[in-house]
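The values are calculated or read from the model by the stated rules, or taken from the named source; none is laboratory data. As the structure is a computational prediction, the values presented were derived from the model and not from experiment. For neighbour counting, all protein chains shown are included, and Cβ atoms are generated from backbone atoms with ideal geometry for every residue, glycine included.
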Amino acid sequence: MAEFVMPSLGSDMTAGTLVLWRVAPGQVVKRGDIIAEVDTDKGVIEVEVFVSGRIEKLLVGEGTHVPVGTALAVIAEEGDPRPQPPPAAPRAAAPPEAEPAPARSLHSPTAGAPMRQRISPSARRMARELGVDFSHLAGTGPGGAITRDDVKRAAAVEPPAEADARTRMRQAIARAMTRSNREIPHYYVAHRMSFSAALEFLERTNADRIPAERLVYGALLIRAVALALCDFPELNARWENDALVMSPGIHVGMAISLRDGGLVVPAILDADRLSLDQTMGALRDRVERARRGQLRASELSQGTVTVTSLGERGVESVAGVIYPPQTALVGFGTPALRPWVVDGQVVAKPVLGMTLAGDHRASNGHRGAAFLNALEKLLSQPREL
């Protein structure tokens with residue numbers, strides 16, 4: 001038997017609210033299936049299961065606020081024997097016929113737990129986008145289901161809900177960054193490089209592609225960082241319990257700014273194993289789901305390094321703050337035309353600014369500089385990415 005517990009989705013997270021079960025007792029699940037939705041300071045997150053098996057019991061009802069690490073469900077793993085029913089008692093005379101008990105919903109985690117509120121998928125998405133808590137709404141749809149119109153009416157009288165969600169996210173960001181500045185001895189190294197080879201490669205590659213299949217230079221940056229980290233494992237590690245813990249995989253987190261002013265850092269898992277096109281697909285997917293509020297727990301909890309790019313903001317460089325317990329953050333500025341010396345001649349070239357923020361407990365400036373040099377070599381040969 002395995003326990004499915006409330007996950008930790010950030011160094012500052014201590015508890016979360018279970019808002020929806022997507023499974024019922026007896027249902028078979030596979031590793032990676034989304035089985036629950038949890039409300040955190042970063043929004044409502046889809047949580048995957050990390051074992052395959054059968055849902056034996058749901059221990060926590062929807063709407064319950066529980067600490068990180070609390071068991072939410074019991075799962076019989078593949079190969080576990082099915083529990084045998086107790087031996088039947090001797091038959092007795094049939095009692096007088098009574099009124100049948102009302103059927104229990106398959107979605108009730110425990111006896112006496114509240115029934116799940118019925119709501120259409122589109123209404124659920126709208127409620128999430130508008131910050132409406134639908135758990136107390138009375139639905140006007142078939143069978144009392146909550147409709148989009150019900151959500152719109154609630155949004156008109158509940159404007160503080162969205163503001164409250166933004167406030168909670170800003171508070172979560174503030175806690176994480178305060179901890180980072182307080183606990184992590186940062187060092188910074190910066191470098192500039194000619195980005196012309198990368199931009200020319202993108203222009204040639206995208207020339208015959210439809211818009212949906214074109215690459216952006218952000219995919220090149222993520223791919224290059226993932227490959228460079230293969231030779232710098234100390235920058236792809238975690239500092240936990242006063243010790244450096246090496247990460248078995250390279251999971252590149254991307255700082256994504258949300259339209260409401262929030263910030264999330266979902267990771268592309270095993271980014272070093274992806275092709276450039278696969279990296280582009282993963283980048284597009286994370287951005288779209290982040291802005292729809294549909295990120296997954298593994299994407300928020302397993303990042304091993306963070307990439308932040310302010311390219312669209314027109315800045316030359318960014319010196320970021322490491323996201324604990326990670327040990328490095330790579331920042332990129334905007335590629336812009338600058339004077340550049342080629343064969344003794346000053347010419348105009350698109351120049352990219354790169355900055356590494358490193359944790360001095362895990363690495364040093366010498367290794368950080370070597371990492372940026374490796375990054376330049378990779379980005380100067382984009383065909384090899």
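Which of the residues spanning the range 274-310 are in contact with a strand residue (DSSP E or B) (Cβ under 9 Å, 6 or more places away or on another chain), aliphatic (A, V, I, L, M) and crowded, with 19+ Cβ neighbours inside 10 Å?
Scanning the range 274-310 gives LEU274, ALA282, LEU283, ALA290, LEU295, ALA297, LEU300, VAL305, VAL307.
Being under 12 Å from the mean Cα position of the chain (by Cα) and either closer than 20 Å to ALA224 by Cβ or part of a loop (DSSP other than H, G, I, E, B) (or both) narrows it down to one residue among ASP277, ASP285; which is it?
ASP285 is the lone residue from the list that is under 12 Å from the mean Cα position of the chain (by Cα) and either closer than 20 Å to ALA224 by Cβ or part of a loop (DSSP other than H, G, I, E, B) (or both).
Return the residue satisfying two criteria in turn: it lies in the range 332-355 and is in contact with a helix residue (DSSP H, G or I) (Cβ under 6 Å, 6 or more places away or on another chain) and under 30 Å from LEU244 (Cα atoms), and of such residues it is surrounded by the most Cβ atoms within 10 Å (Cβ to Cβ).
PHE332
Within the range 177-214, count every residue that is within 20 Å of GLU384 (Cα to Cα) and touching a Ser or Thr at 6+ places or on another chain (Cβ under 6 Å).
Qualifying residue count for the region: 1.
Quick one: in the range 54-76, of everything that is in a strand (DSSP E or B) and buried (at least 20 other Cβ atoms within 10 Å of the Cβ), which residue is nearest to the chain's Cα centre (by Cα)?
LEU72
Can you tell me which residue in the range 157-171 is farthest from the chain's Cα centre (by Cα), limited to those that are of a type in the set (A, V, I, L, M, F, W, C) and modelled with pLDDT under 70?
If we take residues in the range 157-171 being of a type in the set (A, V, I, L, M, F, W, C) and modelled with pLDDT under 70, then VAL157 is farthest from the chain's Cα centre (by Cα).
Return the residues of the range 217-273 that are β-branched (Val, Ile, Thr) and either in contact with a Leu (Cβ under 8 Å, 6 or more places away or on another chain) or crowded, with 18+ Cβ neighbours inside 10 Å (or both); say none if nothing qualifies.
Passing the criteria: ILE222, VAL225, ILE250, VAL252, ILE256, VAL264, VAL265, ILE268.
Which of the residues spanning the range 342-365 are at pLDDT below 95 and aliphatic (A, V, I, L, M)?
Passing the criteria: only VAL342.
Determine if the range 263-272 includes at least one residue that is at pLDDT 95 or above, under 24 Å from ILE45 (Cα atoms) and assigned to a helix (DSSP H, G or I).
yes
Within the range 356-368, identify whether any single residue is under 17 Å from GLY253 (Cα atoms), polar (S, T, N, Q) and touching a helix residue (DSSP H, G or I) at 6+ places or on another chain (Cβ under 9 Å), and answer yes or no.
No, because not a single residue in the range 356-368 is under 17 Å from GLY253 (Cα atoms), polar (S, T, N, Q) and touching a helix residue (DSSP H, G or I) at 6+ places or on another chain (Cβ under 9 Å).
I need the full set of residues from the range 218-272 which are within 18 Å of ARG289 (Cβ to Cβ), more than 17 Å from the chain's Cα centre (by Cα) and not charged (D, E, K, R), in order please.
Matches in the range 218-272: GLY218, ALA219.
Looking at ASP12, ASP39, which one is in a strand (DSSP E or B), in contact (Cβ under 8 Å) with a residue 12 or more places away in the chain, among the acidic types (Asp, Glu) and surrounded by fewer than 21 Cβ atoms within 10 Å (Cβ to Cβ)?
Values: ASP12 fails: in a strand (DSSP E or B).
Answer to the selection: ASP39.
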